[in-house]
Amino acid sequence: LIATGFISIGPKVLAEVNESKMRMDIVDEQIDTFGRVFLGLTLGCARCHDHKFDPIDTSDYYGLAGIFKSTRTMDTYTKVAKWHENPLESAAASAIVAEYEARVQSARMTIAALTEQQQQPGGASRNSDDRGDSTEPVSARLERLRNELSALEQNPPEFPSAMGVTEDQITDLPIHVRGSSARLGEVVSRRTPVTIGGVKRPVFSATESGRRQLAEWLLDPQHPLTARVIVNRVWRWHFGKGLVRTTDNFGVQGEPPSHPELLDWLAQRLIADGWSLKSLHRLILNSATYCQSSAASDDLIARDPENRLLGRFSVRRLEAEEFRDSVLAAGDQLDATTGGSLLKVKNRGYLFDHTSIDHTDYSSRRRSLYLPVIRNNVYDVFQLLDFPDPAVPGGDRAMTTVAPQALLLLNSEFVMNAADALAARLVAEPCDDSARFSLLCLTVWGRPATAAEQQDNAAFLAAVQATLTSPPQDSLQARLVAWATACHVAFAASDFLYIQ
């Protein structure tokens, strides 16, 4: 289900009126994602013409397109198109189905019995229950029950299901000249790109789409790309840059690996460990390379300013989700609840458009993992911190340093609320201000406070309380304001935003 959901989850123009164009646009998105994610190749470039740089031609593209065209992603293509969903079988789902079917069957049996009663002499005017429990005439009750049954059948409960794909009509596609479905060329049998050698090419049957054969081809131990691409992705997420810095492009236009022997060794190790990503993470995180300090001598920085040779651990900025979760955790506001969804609309319901509908809600304090990703209305905090475009696959993230990010830290209500919560927690601690500031540094910066920082904080707290235009009568309230300001400064500091 996870794999079929991955194929299906890409963006779609559900109001597209040209069905053939919509189908091929969906196939194109799937091929482009497949190529970038698993092969590190920009296969989508070959939809209209042979690839300008890599040895991928249009016949390779349409050989793969036949596999995805033989896969059902949508149930209907008429406006508004409806994507396919696979049922999630479970005891709870079975109980929901059984209860619903029992209600429908009971209603039908009652209607049938009343219909038979109505057909008897004088039955139409007789009460609907001979025992006297109901004074409602049979005809009136029949009309009511039929309306209730119709409403029940038109509004079934939401059975657990997941967006995904299944098999469709098996087909081989002709080349679409310049990508147009109106100009068709030679039919290409379903196949994998011929230039990817070193691995046995799969044989596609007339009874299957070919997704299974394609997956087996990807996971062949002799495949030259699959293991290297995933290893490079894992490395990138731990170190900020991949061994191949163009994470999605291992082709001619991509960068060569900085450590090709290491990339090959890690790929072979991943395969030998049964493709266990957990083992790969453990191997990397326990390595001497990962455990290095960010501190480096001037000579080392001069010799390798971009740290391509991994002589130190590169300073890394918190990504958008890490920033949000860290702010909430430091303010003791993070909701650690697991599972479930934060979406409040029904399945296939409209969530957001740019004119009249907006049901997006990012106020939850649960981990960012659970926040919905609305492609046309991304959380503004995430947008400012280089959250990637969710409409296209991306194996890397930009790391910009621009003024709006500083303004976010200084003026965001989200950050200020966390600072207020942390200040209340610190002031409630039964200790002196020096110990409170040490706790603040450990909580927000992950390190103890220095002696100089202790002195600066004491002076800062005094200065803030002295500059309050309307000092609160309650001295505790004045201390809360001062400490909230100190906490806010801590959140805005580079020590919080950057990992060393």
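The values are calculated or read from the model by the stated rules, or taken from the named source; none is laboratory data. Only a predicted model underlies this, so the values are computations on that prediction, with no experimental measurement involved. We place every Cβ from the backbone using ideal geometry, glycine too, and count neighbours over all the protein chains shown. Ligands, DNA and RNA are excluded from the accessible area calculation, which covers all protein heavy atoms including side chains. Shrake-Rupley method; radii C 1.70, N 1.55, O 1.52, S 1.80 Å.
Just tell me which lysines come within less than 24 Å, Cα to Cα, of K200; anything on the same chain fewer than 8 places away is out.
Output for K200: K69.
So, counting K/R as plus one and D/E as minus one, what does the shell of residues with Cβ under 13 Å around F382 add up to? Display every interim value, and only then the final one.
Working: positive: R324, R375, R397; negative: E319, E321, E322, D325, D380, D386, D389.
Around F382, the surrounding residues sum to -4.
Cβ under 10 Å from C487's Cβ, C487 left aside: what net charge do those residues give with Lys, Arg +1 and Asp, Glu -1?
0
Taking semi-axes √(5λ) of the Cα gyration tensor in Å straight from the coordinates, which label in (i) 33, 27, 21; (ii) 51, 42, 19; (iii) 73, 29, 23 is the correct one?
Among (i) 33, 27, 21; (ii) 51, 42, 19; (iii) 73, 29, 23, the one calculated here is (ii).
Over the heavy atoms of E453, what accessible area does a 1.4 Å probe trace out, to the nearest 10 Å²?
The value for E453 is about 40 Å².
So what is the relative contact order for the chain, in percent, with contacts set as C-alpha pairs under 8 Å and at least six apart? Show your work: numbers first, answer last.
Working: 646 pairs, mean separation 64.8, N = 500.
Normalised by residue count, the contact order of the chain is 13 percent.
Lys and Arg at +1, Asp and Glu at -1: add these up for the other residues within a Cβ distance under 12 Å of F38 and post the number.
+1
Roughly how much of R211 is accessible, in Å² to the nearest 10, using a 1.4 Å probe?
R211 has an accessible surface of roughly 60 Å² with all protein chains in place.
Send over a whole-number figure in Å² for the accessible area per residue of the chain, probe 1.4 Å. Numbers along the way, then the final one.
Details: 27300 Å² over 500 residues.
Accessible area per residue, the chain: 55 Å².
Suppose a student asked you for the relative contact order of the range 1-84, using Cα pairs under 8 Å spaced at least 6 residues apart; what percent would you report? Could the numbers behind the result be given before it?
On the way: 85 pairs, mean separation 24.9, N = 84.
Relative contact order comes out at 30 percent.
Rounded, prolate or oblate, given the Cα gyration tensor of the range 330-428, with a/c below 1.5 counting as rounded? Let's see the in-between values first.
Values: a/c = 1.89, a/b = 1.30, b/c = 1.45.
In terms of gyration-tensor shape, oblate.
Give the long-range amide H neighbours of I499: residues separated by 5 or more places, or on another chain, with amide H under 5 Å away, using H modelled in the peptide plane at 1.01 Å from N.
Placed amide hydrogens put R316, R317, L318 under 5 Å from I499.
Work out the FRET efficiency for S341 and C291 from their Cβ-Cβ distance, taking R0 = 45 Å, and round it to the nearest 0.05.
Details: r = 38 Å, r/R0 = 0.84.
Calculated transfer efficiency: 0.75.
Leaving ligands, DNA and RNA out of it, report the carbon-plus-sulfur percent of the accessible area of the chain at a 1.4 Å probe.
Numbers: 14950 of 27300 Å².
Summing carbon and sulfur atoms, their accessible area is 55 percent of the total for the chain.
Within the range 287-345, report the GluC sites (Glu not before Pro) that DSSP leaves as loop and that have at most 11 other Cβ atoms within 10 Å.
Numbers: sites: E306, E319, E321, E322; in loops: E306, E319.
Listed in order of number, the matching sites are E306.
Within the range 272-361, which chymotrypsin sites (Phe, Trp or Tyr not before Pro) sit in a loop by DSSP and count at most 13 neighbouring Cβ atoms inside 10 Å? If you can, show how the numbers build up before the last one.
Numbers: sites: W275, Y290, F313, F323, Y350, F352; in loops: W275, Y290, F313, Y350.
Counting only loop positions with at most 13 other Cβ atoms within 10 Å, the chymotrypsin sites (Phe, Trp or Tyr not before Pro) in the range 272-361 are Y350.
How much accessible area does E148 have with a 1.4 Å probe, in Å² rounded to the nearest 10?
Answer for E148: close to 90 Å² accessible.
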